[in-house]
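Take a look at the structure below.
The values are calculated or read from the model by the stated rules, or taken from the named source; none is laboratory data. Fair warning: this is a prediction, and the values are worked out from it, not measured in the lab. Here Cβ is always computed from backbone atoms with ideal geometry, including for glycine, and neighbour counts include all displayed protein chains.
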Amino acid sequence: MNFLPGRNGRAATEFTFNAIDPAILARQGEALNPNIITNRICDELTNICGANQAAKDACQDAKAQIQALGTRDASTAVAWNTLLGFPDVDVTV
């Protein structure tokens, strides 16, 4: 997940969350609410990725943790990526 400003005509000061994976991104645009993106990512593990149950379970666990955080900033995207094993992803690209 990334966290970038000014997408799709939004103000340069308005940041939104987005899936980084192009296949998921094609099916879900950006959102102000990170839970919309985490939900879509978890759904697409089944719908288009054919992920195994361990991956789906990890995604659901990460989704619950992000919702519990209640944050809506870059730290949210960093937390999501870290929970899924990608701690070094730059959320600003």
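Can you pull out the residues in region 61-90 that are under 11 Å from Asn35 (Cα atoms), part of a helix (DSSP H, G or I) and without any contact (Cβ under 8 Å) to a residue 24 or more places away in the chain?
Ala64, Gln65, Ala68, Leu69
Return the residues of region 5-30 that are part of a strand (DSSP E or B) and surrounded by fewer than 17 Cβ atoms within 10 Å (Cβ to Cβ); say none if nothing qualifies.
Pro5
Just to check your reading of the model, which residue among Thr46, Thr13 is under 16 Å from Val93 (Cα atoms) and either basic (Lys, Arg) or free of Cβ contacts under 8 Å to residues at least 12 places away in the same chain (or both)?
On inspection, the qualifying residue turns out to be Thr13.
Out of Asp43, Asp90, Asp73, Asp57, report the one residue that is surrounded by fewer than 15 Cβ atoms within 10 Å (Cβ to Cβ) and over 29 Å from Thr13 (Cα atoms).
From the options Asp43, Asp90, Asp73, Asp57, the qualifying one is Asp57.
Among the numbered criteria (1) assigned to a helix (DSSP H, G or I); (2) out of contact with any Pro (no Cβ under 8 Å at 6 or more places or on another chain); (3) modelled with pLDDT of 95 or more, which one does Ala51 miss?
Every listed condition holds for Ala51 apart from (1).
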